[in-house]
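Engineer: Following this message is one structure expressed as structure tokens.
The values are calculated or read from the model by the stated rules, or taken from the named source; none is laboratory data. The structure presented is a predicted model; accordingly, all values stated were derived computationally and were not measured. FYI the Cβ positions are ideal-geometry reconstructions off the backbone, even for glycines, and counts take in every protein chain you see. For accessibility, only protein heavy atoms count, side chains too; no ligands or nucleic acids. Shrake-Rupley method; radii C 1.70, N 1.55, O 1.52, S 1.80 Å.
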Amino acid sequence: MSAVLPIQGDEIISYNPATGAEVGRVAVTSPDDVAAAVAHARQAFQSWKKTSFKERADYIMRAREVILSEMDEIAHLISSESGKPFGEAISMELAPVLDLMQYFARNTEKLLRSAKIGIGLYALLGRSSKIVYHPLGVVGIIPAWNYPFSIPLGEAAMALMAGNTVVIKPSELTPMVGLKIGEIYEKAGLPDGCMQIVSGAGATGAALVEAAPDKIMFTGSVATGKKIAEAAAKNLTSCVFELGGKDPMIVFADANLELAAAAAVWGAFCNSGQSCSSVERLYVQEGAAEELTRKIIEKTRDLTQGTGDREDVSVGAMSSERQIKIVEDHVEDFRAAGAKIETGGRRNPNLEGIFYEPTVITGAHNDMRAMQEETFGPTLPIATFATEEEAIRLANDSEFGLTASVWTRDKAKGKRVAERIEAGSVCVNEVLYTHGIGQTPWGGFKNSGRGRTHGREGLMELVQPQHIHVNNIALLPDAWWMPYSANAVETFRQMARKFASGSLVKTTMLLPQLLKRIKELLRNSG
Ligand code: NAD
């Protein structure tokens, strides 16, 4: 069961990783049909871009209603395709995306309102500037399997609100959830072509990039991100890359250790550790290491693991055989390098599906391979540090920089340390969940990505800004126009020294030379 590949011939067969049961079959979209979907989306864009924000918001709010009315059914589908607990599908996928949808439905108009730009001394010349935001056209979304509902559906809602049309290529491990997203928007009455799903694995994703949409929103591994960047370069298609993470949690000795321990357990083991922002490295200050570790081990041993349909299960199955093998490899690497496996460290012998026990590891060091590569599984390696400087150095010693967290009762220290961590989002006394705050930007430093999703910054990725500049007087030629002369060159010199200083006083001193130059231009124009 577990070794079965999802693509067989021209079909994707979706299996429940917890039970091996077939969840459904989806036809693979051919490259020609992917290109046709993009062409269709481009056509639909012509009328969708003219809709008002109010009309777009009505569709998004109707899609929300569809989700709310089918909440348990959708959560069970997510759980059965991904292995995550059904309750977690509600708390970590449905609830956050419902919030994102209402936020962008209600606020995109305000966020994209055209605005005057301050142009300094040019305003004195009677000029004014404003910025206007236009949709891009077709947005191609290529997500991973770990949050198969909230990530693509949320990105689609933002893209649609900004006036774009959308083509999604869901992960081959969660194709039924992908189709469900299409169905939700269809039930919301979205016009034909505004939101399409194409199904398949990497080749289908590559066909979507090849079809040259106006933007690619990619979530996945660094390796695939690089392939997409290369292919997208052919058409200069711009991309947002949401890639991997190896996220550190720093716990100072003055932290609330009970809370930090509970946060570490949730941050490392929710979604079986398959979150890009999972806690993958915990650094605890020496004096607190023993107590924190004891609390973490106790809490981990109390967790129930099992199939995602049970409400008392906290840790579900992993997504695939490929993923569990990486976890096994990393745990073996820790063992071989001299770290200690305190609990877990093996596949769950009592369960048949792809289950890895939540695993706490002590004695970890940054020079161990598994402290550098993304594990993406239920492991929590713990290392110690002595000083604030050392904690920052260890946290930043990574090719990744997606999220991080800092735990201390000293808020000033928390914020000070947070700003020195090289990561796109850093929490103080919180962990992992900020992807769920759609109002805030999401994205990585270093190899964790390029660009942003969510928040105003994420919305800006989905529009093209246009600058409108008006000369409100338009009676005289500009001093820098042709023909040039010695007088012109002297004017340019003074402009460089005085006008370009930004100082009104200095610019006033330029006026006699400016007048001389304008007179010259007027004389020349007869
Ligand atoms: P992946 O890179 O294997 O696949 C991601 C998507 O890309 C899939 O839909 C896949 O079919 C598609 N794809 C594969 N090859 C392609 C190609 N050549 N051209 C176009 N599309 C192609 O990643 P995965 O295993 O699905 O996801 C796990 C990774 O995603 C982890 O590294 C994780 O950290 C990352 N992730 C990041 C975020 C974030 O917000 N930064 C969120 C979730 C997951």
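Engineer: Treating the angle as unsigned and between 0 and 90°, give the value, to the nearest 10°, between the Cα long axis of helix 71-82 and the longest Cα principal axis of the chain.
Structural biologist: Roughly 70 degrees between the two axes.
Engineer: Further, regarding this structure: Explain nothing, just compute: Karplus ³J(HN,Hα) = 6.51 cos²θ - 1.76 cosθ + 1.60, θ = phi - 60°, for every residue of the range 84-99 in order, whole Hz, x for Gly and Pro.
Structural biologist: 6, x, 3, x, 5, 4, 6, 6, 9, 10, 5, 4, x, 6, 5, 5
Engineer: Same structure, new question: Report for the chain the percent antiparallel among DSSP-assigned beta bridges with both residues inside it, nearest 5.
Structural biologist: Roughly 45 percent of the DSSP beta bridges within the chain come out antiparallel.
Engineer: Which entries of K187/K446; K180/K215; K325/K411; K49/K234; K110/K234; K299/K340 have Cα-Cα distances beyond 29 Å here?
Structural biologist: As for pairs spanning more than 29 Å Cα to Cα, those are K187/K446; K325/K411; K110/K234.
Engineer: To continue, here is another question. Would you mind checking which residues have amide H under 5 Å from V279's amide H? H placed 1.01 Å from N; only 5 or more apart, or other chain.
Structural biologist: Those qualifying (amide H under 5 Å, at least 5 residues apart or on another chain) are A268.
Engineer: Now for a separate question. What aspartates and glutamates could a cross-link reach from K54, if we take a straight Cα to Cα line under 12 Å and drop same-chain neighbours fewer than 8 places away?
Structural biologist: Excluding near neighbours in sequence, the set is E109.
Engineer: Using the Karplus curve 6.51 cos²θ - 1.76 cosθ + 1.60 with θ = phi - 60°, what ³J(HN,Hα) values do you get for each residue of the range 49-60, in whole Hz, with x for Gly and Pro?
Structural biologist: 5, 8, 5, 7, 4, 5, 4, 4, 4, 4, 5, 5
Engineer: Please give the peptides 385-391, 72-78 ranked by average Cβ packing (other Cβ atoms within 10 Å per residue), highest first, as a rough proxy for protection. Show your work: numbers first, answer last.
Structural biologist: Details: 385-391: 15.1, 72-78: 19.1.
In descending order of packing, they fall as 72-78, 385-391.
Engineer: Let me know the shape class of the range 240-302, please: from the alpha-carbon gyration tensor, a ≥ b ≥ c as square roots of the eigenvalues, rounded when a/c is under 1.5, otherwise prolate if a/b is greater than b/c, or oblate.
Structural biologist: Numbers: a/c = 2.92, a/b = 1.62, b/c = 1.81.
It comes out oblate by the Cα gyration axes.
Engineer: Report, ordered by chain and residue number, the lysines lying within cross-link reach of K506, taken as a straight Cα distance under 29 Å and ignoring same-chain residues fewer than 8 apart.
Structural biologist: K116, K130, K498, K516, K519
Engineer: Please state the charge dipole magnitude for the range 319-441, taken about the Cα centre, from unit charges on C-beta atoms (+1 on K and R, -1 on D and E), reported in debye and rounded to the nearest 20.
Structural biologist: Using Cβ point charges on Lys, Arg, Asp and Glu, the range 319-441 gives about 380 debye.
Engineer: While we're on this one: Near K295, which aspartates and glutamates are there with a Cα under 13 Å away, not counting those fewer than 8 places off in the same chain?
Structural biologist: Filter leaves E258, E342.
Engineer: If you take every DSSP beta bridge whose two residues both sit in the range 85-200, what share of them, in percent to the nearest 5, is antiparallel?
Structural biologist: Working: 3 of 10 bridges.
Close to 30 percent.
Engineer: To the nearest 20 Debye, how big is the dipole of the chain about its Cα centre, given +1 on the beta carbon of each Lys and Arg and -1 on that of each Asp and Glu?
Structural biologist: 3460
Engineer: If you wrap a convex hull around the Cα atoms of the range 98-225, how much volume per residue is inside, in Å³?
Structural biologist: Enclosed volume per residue, from the Cα hull, is 146 Å³.
Engineer: Hey, if you put +1 on the Cβ of every Lys and Arg and -1 on every Asp and Glu Cβ in the chain, which of I151, P213, Y283 ends up farthest toward the positive end of that dipole?
Structural biologist: P213
Engineer: How much of the calculated P(r) for the range 300-387 lies past 20 Å, in percent of all Cα pairs?
Structural biologist: Summing the P(r) tail past 20 Å for the range 300-387 gives 34 percent.
Engineer: Keeping every protein chain present and rolling a 1.4 Å probe, give me the accessible area per residue for the chain in Å².
Structural biologist: Result: 43 Å² per residue.
Engineer: Taking amide H positions as placed in the peptide plane 1.01 Å from N, state which residues far from R127 in sequence (5 or more) or on other chains have amide H under 5 Å from it.
Structural biologist: Sorted by chain and number, the residues that satisfy this are N472.
Engineer: From zero outward in steps of 10 Å, how is the percent of C-alpha pairs of the range 35-127 spread across the bins?
Structural biologist: In whole percents, the pair-distance histogram is 14, 26, 26, 21, 8, 5, 1.
Engineer: Calculate the length of the line joining the C-alpha centroid of the range 218-242 to that of the range 19-68, in whole Å.
Structural biologist: 21
Engineer: Viscosity 1.002 mPa s, temperature 20 °C: what is the translational diffusion coefficient of the range 203-262 from Stokes-Einstein with a Kirkwood Rh over Cα pairs, rounded to a whole number of µm²/s?
Structural biologist: Result for D is 154 µm²/s.
Engineer: Please list, in chain and number order, the residues 5+ apart from S238 or on another chain whose amide H is under 5 Å from its amide H, with Hs placed from the backbone.
Structural biologist: Counting only residues 5 or more places away or on other chains, the set is I216.
Engineer: Here's something else I'd like to know. Relative to the longest principal axis of the C-alpha atoms of the chain, give the angle of the C-alpha long axis of helix 289-301, reported between 0 and 90° and rounded to the nearest 10°.
Structural biologist: The two axes meet at around 70 degrees.
Engineer: Largest first, please: the extent of the C-alpha atoms of the range 19-68 along each principal axis, to the nearest Å.
Structural biologist: So the extents along the principal axes, rounded to whole Å, are 46, 34, 8.
Engineer: Enter the angle in degrees (range 0 to 90, nearest 10) between the Cα long axis of helix 257-269 and the first principal axis of the Cα atoms of the chain, meaning the one along which they spread out most.
Structural biologist: In the chain, helix 257-269 runs at an angle near 90 degrees to the longest axis.
Engineer: Can you pull out the trypsin sites (Lys or Arg not before Pro) in the range 200-303 whose DSSP state is coil and whose Cβ has at most 10 other Cβ atoms within 10 Å?
Structural biologist: Listed in order of number, the matching sites are K234.
Engineer: Add +1 for every Lys or Arg and -1 for every Asp or Glu among the other residues with Cβ under 13 Å from the Cβ of S82, and state the total. Kindly include the intermediate steps, with their values, before the conclusion.
Structural biologist: Numbers: positive: K84, K180; negative: E81, E88, E93, E172, D309.
Taking every Cβ under 13 Å from that of S82, the sum is -3.
Engineer: Report ³J(HN,Hα) in whole Hz for each residue of the range 443-454, in order, from the Karplus equation J = 6.51 cos²θ - 1.76 cosθ + 1.60 where θ = phi - 60°; Gly and Pro get x.
Structural biologist: Along the range 443-454, the couplings run x, x, 8, 6, 6, 7, x, 9, x, 9, 10, 6 Hz.
Engineer: Okay, moving on. Which of rounded, prolate, oblate describes the range 368-440, given a ≥ b ≥ c as roots of the alpha-carbon gyration tensor eigenvalues and a/c under 1.5 marking rounded, otherwise prolate only if a/b is larger than b/c?
Structural biologist: In terms of gyration-tensor shape, oblate.
Engineer: A further question on this structure: Using a 1.4 angstrom probe and counting only protein chains, how large is the accessible area of H435 in Å², to 10?
Structural biologist: Number for this one is 40 Å².
Engineer: Taking all protein chains in place and a 1.4 Å probe, what share, in percent, of the accessible surface of the chain do carbon and sulfur account for?
Structural biologist: It is 54 percent, rounded to a whole number.
Engineer: Which value, in debye to the nearest 20, describes the size of the charge dipole of the range 69-174 about its Cα centre when Lys and Arg Cβ atoms bear +1, Asp and Glu Cβ atoms bear -1, and nothing else is charged?
Structural biologist: I would put it at about 1040 debye.
Engineer: Any idea what log10 I(q)/I(0) is at q = 0.13 Å⁻¹ for the chain, Debye with uniform C-alpha scatterers and no solvent?
Structural biologist: Evaluating at q = 0.13 Å⁻¹ gives log10 I(q)/I(0) of -1.20.
Engineer: Continuing with the same structure: Which shape class, rounded, prolate or oblate, goes with the range 151-269 when its Cα gyration tensor gives a ≥ b ≥ c as root eigenvalues, a/c under 1.5 marks rounded, and past that a/b bigger than b/c marks prolate?
Structural biologist: prolate
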